[in-house]
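FYI, it's all coordinate maths here, none of it is from the lab. Computed from a predicted structure; not experimentally measured. Glycine gets a Cβ as well: all are built from the backbone with ideal geometry, and neighbour counts include every protein chain shown.
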Amino acid sequence: MTNAVNVAMPISLSVVLYRDYRTPAAMIRSLMQFTDSRLQFQIIAVDNSNLSSGDPLIEERNRFVSEFSNDGFGPGSALIAHRFLYVDVHENLGFGRANNVALDMVNSQYHAYVNPDILFIGDTLTALKSFMDAHPDVGMCIPRMVDAQGHPLKVYRRNITVLDAFNRMFLKNRLRKRDYWHTMSDKDYSKPFQVPFGQGSFLFARTKLLKQLGGFDDSYFMYLEDADLCRRVNQVSQLVYCPDAVVVHKWEQGSHKNPRLFKEHLKSYAIYFRKWGLSLA
């Protein structure tokens, strides 16, 4: 199931699916609910699930695609401008490579990487577009991310060192002063500021810049491809926190609970430090 039409849009968004269609459906519904109907955008859903014949999720997948397909918006609907493209890549490409599939397809001014577990609670796209329009020196921005209770999340970080990785993965952030510094807790979150590493659960960037950089480095299967991309953006432009845009992130932190994902996270750290060098502290 692929509807790969390169439609010119002010904003495109990519979301990567993996064996769950209810969570991204809730994300897209919230996006539709809160976004100004005059703002045109395109959603590209890249499916890493690789469902086999007879998989019980096929019916759920089909309902998801039907709900958000262009035909599903209905003739004459105001939502017809919000193009929805579903791309089944028939394998698990990982997070970065799957998002790169979407990036190759889009023809937009701005592109957003959006996790399935994001919920919109306001017109975030308009706020981010307005911010970027007003700041041509900014190549990428990141909204204010909060949990379901409205508490701020630690998704803004300084560049990773070996100490930060060890504290996060093995000490569970028990080095509290170090975690406070690494997660930029010293910043004033009522104002914009440059971010060395913003979590990839929601990043909003100039499409031209992302294409120039080649999107995510597909050496990473999962984890730290966002840290890598943010460093490359900051080498040629700026990644900036935008306080006027807010989303809810239902952060699972799966690698802290799943041994397989934990191992994948460690592999990504090895790739990251080989590429960027070992900074101990």
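Positive-end ranking of Pro56, Leu175, Gly200 along the dipole of the range 8-276, with charges on Cβ about the Cα centre, is headed by Leu175. FRET efficiency for the pair Ser52 and Lys267, taken as 1/(1 + (r/R0)^6) with r the Cβ-Cβ distance and R0 = 35 Å, rounds to 0.85. Only aspartates and glutamates eight or more places from Lys129 in sequence, or on another chain, were considered; those with a Cα closer than 15 Å are Asp36, Asp137, Asp244.
So, in Å, what gap is there between the alpha-carbon centers of the range 197-246 and the range 154-174? If we compute the Cα centre of each part, the gap is 19 Å. For the options Phe131, Phe170, Phe41, a Gaussian network treatment of the chain with springs between C-alpha atoms closer than 10 Å singles out Phe170 as fluctuating the most. Taking His111, His90, His249 in turn, the Gaussian network model of the chain (Cα-Cα springs below 10 Å) assigns the largest fluctuation to His90. Excluding same-chain neighbours fewer than eight residues apart, the aspartates and glutamates reachable from Lys267 by a Cα-Cα span under 17 Å are Asp164, Asp217, Asp218, Glu225, Asp226, Asp228.
Give the distance, in whole Å, between the Cα centre of the range 99-138 and the Cα centre of the range 22-46. Centre-to-centre distance over Cα atoms comes out at 12 Å.
For the range 181-281, GluC sites (Glu not before Pro) are listed when DSSP marks them as loop and at most 15 other Cβ atoms sit within 10 Å of their Cβ; the list is Glu252.
State the extension gain, in nm to one decimal, for the chain segment bounded by Asp147 and Lys250, taking 0.36 nm per residue of separation less the distance between their alpha-carbons. Provide the component values of the computation, followed by the final result.
On the way: separation 103, 0.36 × 103 = 37.08 nm, distance 0.61 nm.
Contour length minus Cα-Cα distance gives 36.5 nm.
For the chain, calculate the relative contact order in percent as a whole number, restricting contacts to Cα pairs under 8 Å that are 6 or more residues apart. Result for the chain is 24 percent. Cross-link pairs exceeding 30 Å between alpha carbons, from the set Lys187/Lys263; Lys172/Lys275; Lys177/Lys211: Lys187/Lys263; Lys177/Lys211.
Could you work out [θ]222 nm for the chain from helices alone, using -39500 (n - 2.57) per DSSP H run of at least four and dividing by all its residues? Round to the nearest 500 deg cm²/dmol.
Numbers: 10 runs with 102 residues, N = 281.
Using -39500 (n - 2.57) per qualifying helix, the result is -10500 deg cm²/dmol.
On full extension of the chain, what length is gained from Ser190 through Ile121, given 0.36 nm per residue of separation minus the C-alpha to C-alpha distance? Working shown, then result.
Values: separation 69, 0.36 × 69 = 24.84 nm, distance 1.80 nm.
So the chain would gain 23.0 nm between Ser190 and Ile121.
Dipole of the chain, Cα-centred, from +1 at each Lys and Arg C-beta and -1 at each Asp and Glu C-beta, to the nearest 20 debye? Let's see the in-between values first.
Numbers: 33 positive and 28 negative charges, 228 e Å.
For the chain, the charge dipole is close to 1100 debye.
May I ask for the angle, rounded to the nearest 10°, between helix 259-276 and the longest principal axis of the chain, with both axes built from Cα atoms and the value confined to 0 to 90°? Taking the Cα atoms of the chain, the angle to 259-276 is about 70 degrees. With R₀ fixed at 22 Å, the C-beta to C-beta distance from Ser37 to Ala134 puts the FRET efficiency at about 0.45. For the range 192-208, backbone nitrogen atoms closer than 20 Å to the point 7 Å from Leu175 Cα along Cα-to-C-beta are found at 196-198.
When both bridge partners sit in the chain, DSSP labels roughly 35% of those beta bridges antiparallel.
Taking every pair of Cα atoms in the range 8-276, average 1/r, invert it to obtain the Kirkwood radius, and report Rg/Rh to two decimals.
Working: Rg = 18.1 Å, Rh = 19.1 Å.
Rounded to two decimals, Rg/Rh equals 0.95.
Of the residues Ser130, Ser12, Ser52, the one that moves most in a GNM of the chain with alpha-carbon contacts below 10 Å is Ser52.
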